[in-house]
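Please read the structure below before turning to the comments.
The values are calculated or read from the model by the stated rules, or taken from the named source; none is laboratory data. Because the structure is predicted, anything quoted here is derived from the model rather than measured. Please note: Cβ atoms are built from the backbone with ideal geometry, for glycine as well, and neighbour counts cover all protein chains shown. Each accessible area value is taken on the protein alone, full model and side chains, heavy atoms only, with ligands, DNA and RNA left out. Shrake-Rupley method; radii C 1.70, N 1.55, O 1.52, S 1.80 Å.
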Amino acid sequence: MYGEIERFIKVWISAILGLCYCYYIAARIPKGFLRLLSLLPILYLFIILPLNISSPNLVGYTSFFLVQLGIFKLLLFSFNKGPLALSPPNIVHFISIASLPITPKQHPPTNKNNTTNTQKPKWLLPLKLLIFAMIARFYEYNEYFHPHFILVLYCLHLYLSLELVFALIATPVQTLFGLEIEPHFNEPYLSSSLQDFWCHRWNLMVTRLLRFTVYNHVSCTITGLVGPSCATSAAMLATFLVFGLVHDLIYYHVTCVPPTWEITCFFVLHGVCTVAEVAVKKVVLRCGWRLHRAVSGPLVVAFLAISVNWLFFPQLLRNEMDRKSSEEYVILVDFVKSKIYH
């Protein structure tokens, strides 16, 4: 384990050195193609760095931070857009924003009806932390639980681990730099539709990055050819396709086996269903009919659970990433307990 931590530290030192190059050299190159060209070595570096780590949890978070967030932030930065284009006052700000799951708020919220700005109860985060600790302990007794219950644990584990890690990172950044951070999640289990889940509740930072790097470009490029309605649908499908391909790369980092493209199929499926859902809602809303949240909410959760079980988790389960990840969490819990009681 100590060797793994040492490799983890070396990977992040390499990533930080790459970002120093972006701040001191690439930032001085005129925005556009030339700056993008100067950033290509760093983009490639971010893709290969996670391959040096074998721990499922460490490589998963590293790949997510560097590939799914860092690469898209740098792509926007090459054209002087996105969170890195605001000329952070120093190198520490730049590295933090580029490599960590934080995006400073650009403007104060103006829409009072926006659910992402709702103040959450203070007890909610400790409750999620308690549930996460219970899940880590449940993993010791996997053989006694029904497979469907284990699937529920995996879904909760995925959501809670991401939200808690993001909160643990965002809190010191907010304290040290005085930054107001964009939210990452907005209680996705309360989603009333697929569009609500993907656009307003799940992994909002990635959603914003993909909107500027993929969705807007595809939509603007083809609107004149196919019209705004078809362009919107095509842009949504392209965004989900890119989302899926990035996840396949992360899965490759985690499992070290060739991609099976199941995860890409998962996102393409959700893209098609979201496009169809948006089209159907436009029709039924014109007729004055709306499906009640008490009905649509469980339908969305059921569809997510079925599709996750079908396409999202199988590759991880075949490579026993669930067992390896749970063993690491059990070791971590035991380590914390040993420090507390001794």
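Listed values, structure above:
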{"read-out": "Sorted peptide list for 288-295, 8-15, criterion being average Cβ within 10 angstrom, highest first", "value": "8-15, 288-295"}
{"read-out": "FRET E, pair Ile29, Gln174, Förster distance 25 Å, beta-carbon r, rounded to 0.05", "value": "0.20"}
{"read-out": "Accessible area of the range 48-109 divided out per residue, in Å², using a probe of 1.4 angstrom", "value": "34 Å²"}
{"read-out": "Karplus 3J(HN,Hα) series, Hz, for the range 249-261 with 6.51 cos²θ - 1.76 cosθ + 1.60 (x for Gly, Pro)", "value": "5, 4, 4, 5, 4, 6, 9, 6, 10, x, x, 9, 6"}
{"read-out": "Listed residue pairs exceeding 29 Å between alpha carbons, taken from Lys105/Lys282; Lys10/Lys73; Lys10/Lys324; Lys73/Lys281", "value": "Lys105/Lys282; Lys73/Lys281"}
{"read-out": "Residue-count net charge about Phe94 - beta-carbon cut-off 14 Å; Lys, Arg +1, Asp, Glu -1", "value": "+2"}
{"read-out": "Ranked packing of 150-159, 240-249, most packed first, by mean Cβ within 10 Å", "value": "240-249, 150-159"}
{"read-out": "The range 41-97 shape via C-alpha gyration tensor axes, a/c threshold 1.5", "value": "prolate"}
{"read-out": "Percent carbon-and-sulfur accessible area, the chain, ignoring ligands, DNA and RNA, probe 1.4 Å", "value": "70 percent"}
{"read-out": "For the range 149-163, Karplus couplings with θ = phi - 60° (6.51, -1.76, 1.60), whole Hz, Gly/Pro x", "value": "5, 4, 4, 4, 4, 4, 5, 5, 4, 4, 5, 5, 4, 5, 5"}
{"read-out": "Shape call, the range 168-265: gyration tensor on alpha carbons, a/c limit 1.5", "value": "oblate"}
{"read-out": "Accessible area per residue, Å², the range 133-175 with all protein chains present, probe 1.4 Å", "value": "54 Å²"}
{"read-out": "Prolate/oblate/rounded label for the range 6-53 (Cα gyration tensor, a/c 1.5)", "value": "oblate"}
{"read-out": "Hz values of 3J(HN,Hα) by residue in the range 64-69 - Karplus curve (6.51, -1.76, 1.60), Gly and Pro given as x", "value": "4, 5, 7, 8, 6, 10"}
{"read-out": "Amide H contacts under 5 Å for Ile181, placed H, 5+ residues apart", "value": "Lys105"}
